[in-house]
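S.K.: Below is the structure I would like to discuss, written out as structure tokens.
The values are calculated or read from the model by the stated rules, or taken from the named source; none is laboratory data. Computed from a predicted structure; not experimentally measured. Here the Cβ is made from the backbone with ideal geometry for all residues, glycine too, and neighbour counts use every protein chain on show.
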Amino acid sequence: MPALRVCAAQERSGALSLASENLARAQALTEEVLAEFDLARSLESRLNAPVGDDLATYLADVDRLLDVAASFEEKAGAMRAAEPALRSAQELLSRAMARCEEKLKALLSAHARDDSALECGAEPPKGGLAPAVGEAALPALLLLVEHMDAVSYAWQRSLVSVRARALEAALGRQGLGKLQASEVGRAPAEALAERALLWARLLRWLAAHAAPERGLAARLLASPSDGAVASFVCGPPLEQLLAWGEALVRAPAQAERLFALLDVHCGARAQGALLAAALAGGPASALLARLAALAQSAGDAARAAFQDMEASVGREERRGAGPDGTVHPLTAAAVLALRRLFEQPRLFDLLCGTQPPPQAARPRGRGRRAAEGEGSPDASAAGADVSSSAACSEEALEEAGATALRVIVALHTQLEARARGVRVAGLGELFLLNNLGYVCAALRQAPLLRAALGDEWLERQEALVTAHGEAALEAVWGAAAAEVRDTRGLQPSSLSAKERERVKDKFRLFNEALEAAAGSLPHWSVPDEALRDELKRSLQQSVLHPYTALYNAFPAQTFTKFPDKYVKATPEEAERIFQSFFEGMQ
């Protein structure tokens, strides 16, 4: 019996000891949970506030909260009271991650690269663009990303949205909103040419900026999804550019659309490789395929438009030369097409079916005005250096020269047909002077085109320009000029009645010619300043100088009693009228 009592006492003592140990452990666990809960509560006010400049302190608090949450998670299975504390800590952690995401967006926006110097078609610096976000912000960004990745927080959409908005804003400032595919079909040719220049510039800008976008994503992302991020950032503006280019290609391949199509073709071909390298591995593969297809289809359409231009030049028209005899739009378009062709030897194969050898590095042009025939920056970017004519094979140059000669001969035939339809004396000749002079001036400024046609051919055309100018003046002033110059057998001091009538006829013919010329020649236009000045000098030598001599040799009182009837302009007054000729006054 005593033994049994001792054994029972020992059992009760052991149970009490175990209970005491359990109570001690429970008390310690409770105190630990309470302490951690107090810590979490103390962190709450700081973590609920926006992340300030002291990022390190904020992230240290996040680390402490992560430790508290991990501890709660371990105790939740053994202590039911830890579950509410765990949920509270997790909610606070979620809010802290949202604050970190806000800080990420703010840093991305505040430290974004300043692209203002690269707008309006400026060239990227050698070695490529700077990173999309300044290096000073990268340590903070990496810390934020590390902490958000630690809890599997999805922050990548914020990166895409911030950078996409920045890219869209930069492109918008440069005119992306002007490229609306729905407006292509009804836009005039001049507006399309301007839009195509804008299109090529924006595509080049986007291609230059795609690599830095991918570089930023590669620095921040732990997984190899940088191509996907770059694709999501660059995809929307690329989609808009593609839609406009495809709408241009779908429109009828008219000659007036040639330059726009060439800009799209050259731009898409030149920038495709850069975009493909930057967006590889992302969801933009379909867009890249569309860009490659656009380069091909725009080239095909440009060739069709060039052929349409050749056909329109050779199509005989007899609708006249216009009221002022100025350069016809057909001449300007044909010359501009040829200059564009010879400024970019790479286009020989596209438009003439030849195979020039690879060209050297591509230069950048200054801009182009269609009416004056200057090369566009984007067109020059896609072509070869004009000065490197030696790089072109003789076969390619010969074929392109044959095309140019065929176009110019057909153009000359067309212009002569139009001039024959003019019923105003001298205006048809002036029309030919203007148009052939425009062709010659353009050839003088296009070394490769001039070389293809030859200096002898150019000199013959310039001789024709001079001949047309002389013929225009002869048609207007011929009879009066000849009469004013012919004073043979006339002596001012002893004029017979018959001789006085001769002098009267000379002044009368001059007055009639001057009156007719004053009514029409100021409205005739000679846009080329050198040609205009040469015509005025010819008029002074052939008409004004002989009239001055006649006026000084035969004062009115020597041949008439009514000077106002025959002498209606002094030489000075006539000269002022002559200065208004060929100015194209409205």
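S.K.: Does segment 187-202 include one or more residues that are without any contact (Cβ under 8 Å) to a residue 24 or more places away in the chain, of a type in the set (Gly, Ala, Ser) and either crowded, with 21+ Cβ neighbours inside 10 Å or part of a loop (DSSP other than H, G, I, E, B) (or both)?
M.R.: Within segment 187-202 (the criterion being without any contact (Cβ under 8 Å) to a residue 24 or more places away in the chain, of a type in the set (Gly, Ala, Ser) and either crowded, with 21+ Cβ neighbours inside 10 Å or part of a loop (DSSP other than H, G, I, E, B) (or both)), the answer is yes, since at least one residue qualifies.
S.K.: Now for a separate question. Which of the residues belonging to segment 130-186 are buried (at least 18 other Cβ atoms within 10 Å of the Cβ), touching a Ser or Thr at 6+ places or on another chain (Cβ under 9 Å) and not aliphatic (A, V, I, L, M)?
M.R.: Listed by number, the residues that qualify are TYR153, GLN156.
S.K.: While we're here: Can you pull out the residues in segment 311-334 that are modelled with pLDDT under 80 and polar (S, T, N, Q)?
M.R.: Of everything in segment 311-334, just one residue is modelled with pLDDT under 80 and polar (S, T, N, Q), namely SER312.
S.K.: Can you name the condition, by its number, that ALA69 falls short on among (1) assigned to a helix (DSSP H, G or I); (2) buried (at least 18 other Cβ atoms within 10 Å of the Cβ); (3) modelled with pLDDT of 85 or more?
M.R.: (3)
S.K.: Could you list, in sequence order, the residues of segment 493-513 that are among the small types (Gly, Ala, Ser) and in a helix (DSSP H, G or I)?
M.R.: If the condition is that a residue be among the small types (Gly, Ala, Ser) and in a helix (DSSP H, G or I), then ALA497, ALA513 are the ones that fit.
Yes/no matrix, rows are residues, columns are (1) under 22 Å from CYS352 (Cα atoms); (2) part of a helix (DSSP H, G or I):
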| site | (1), (2) |
| --- | --- |
| GLU256 | yes, yes |
| ASP263 | yes, yes |
| ALA268 | yes, yes |
| ALA276 | no, yes |
| GLY281 | no, no |
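S.K.: So, of the residues in segment 135-169 that are of a type in the set (Ser, Thr, Tyr) and part of a helix (DSSP H, G or I), which turns out to be nearest to LYS103 (Cα to Cα)?
M.R.: SER158
S.K.: I need a count of the residues in segment 203-219 that are farther than 22 Å from ALA270 by Cα, crowded, with 22+ Cβ neighbours inside 10 Å and either out of contact with any strand residue (DSSP E or B) (no Cβ under 9 Å at 6 or more places or on another chain) or outside the structural domain of ALA243 (by TED's automatic domain parsing) (or both).
M.R.: So the answer is 1.
S.K.: Now, a different point. Can you pull out the residues in segment 514-531 that are surrounded by 20 or more Cβ atoms within 10 Å (Cβ to Cβ) and either in a helix (DSSP H, G or I) or free of Cβ contacts under 8 Å to residues at least 12 places away in the same chain (or both)?
M.R.: Of everything in segment 514-531, those that are surrounded by 20 or more Cβ atoms within 10 Å (Cβ to Cβ) and either in a helix (DSSP H, G or I) or free of Cβ contacts under 8 Å to residues at least 12 places away in the same chain (or both) turn out to be LEU514, ALA517, LEU521, LEU531.
S.K.: Can you name every residue in segment 276-296 that is surrounded by 17 or more Cβ atoms within 10 Å (Cβ to Cβ), farther than 12 Å from LEU242 by Cα and in contact (Cβ under 8 Å) with a residue 24 or more places away in the chain?
M.R.: Answer for segment 276-296, where residues must be surrounded by 17 or more Cβ atoms within 10 Å (Cβ to Cβ), farther than 12 Å from LEU242 by Cα and in contact (Cβ under 8 Å) with a residue 24 or more places away in the chain: ALA278, LEU279, GLY282, ALA284.
S.K.: What residue, of GLU534, GLU572, is at pLDDT 90 or above and within 20 Å of ARG485 (Cα to Cα)?
M.R.: Matching residue, one of GLU534, GLU572: GLU572.
S.K.: Here's something else I'd like to know. Could you count how many residues in segment 395-413 are crowded, with 18+ Cβ neighbours inside 10 Å and under 31 Å from the mean Cα position of the chain (by Cα)?
M.R.: Number satisfying all stated conditions: 10.
S.K.: Something else: Can we say ALA446 is surrounded by 20 or more Cβ atoms within 10 Å (Cβ to Cβ), of a type outside the set (Lys, Arg), at pLDDT below 85 and within 18 Å of HIS412 (Cβ to Cβ)?
M.R.: no
S.K.: In segment 537-586, what residues are in a loop (DSSP other than H, G, I, E, B) and of a type in the set (Val, Ile, Thr)?
M.R.: Correct list: THR560, VAL567, THR570.
Matching residues to (1) assigned by TED's automatic domain parsing to the domain that holds LEU521; (2) without any contact (Cβ under 8 Å) to a residue 12 or more places away in the chain; (3) closer than 20 Å to ARG339 by Cβ:
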position	(1), (2), (3)
VAL409	no, yes, yes
ALA417	no, no, no
ASN435	no, no, yes
VAL439	no, no, yes
LEU448	no, no, yes
TRP477	yes, no, no
ARG488	yes, yes, no
GLU501	yes, yes, no
PHE507	yes, no, no
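S.K.: Any chance you could count how many residues in segment 552-586 are surrounded by fewer than 16 Cβ atoms within 10 Å (Cβ to Cβ) and aliphatic (A, V, I, L, M)?
M.R.: Going through segment 552-586 one residue at a time, the tally reaches 2.
S.K.: Please find, within segment 251-271, the residue that is modelled with the highest pLDDT out of those that are among the charged types (D, E, K, R) and surrounded by fewer than 24 Cβ atoms within 10 Å (Cβ to Cβ).
M.R.: Applying the filter and picking the extreme gives ARG269.
S.K.: Now, a different point. In segment 183-231, which residues are over 24 Å from the mean Cα position of the chain (by Cα) and modelled with pLDDT of 85 or more?
M.R.: Answer for segment 183-231, where residues must be over 24 Å from the mean Cα position of the chain (by Cα) and modelled with pLDDT of 85 or more: ARG214, GLY215, LEU216, ALA217, ALA218, ARG219, LEU220, ALA228, VAL229.
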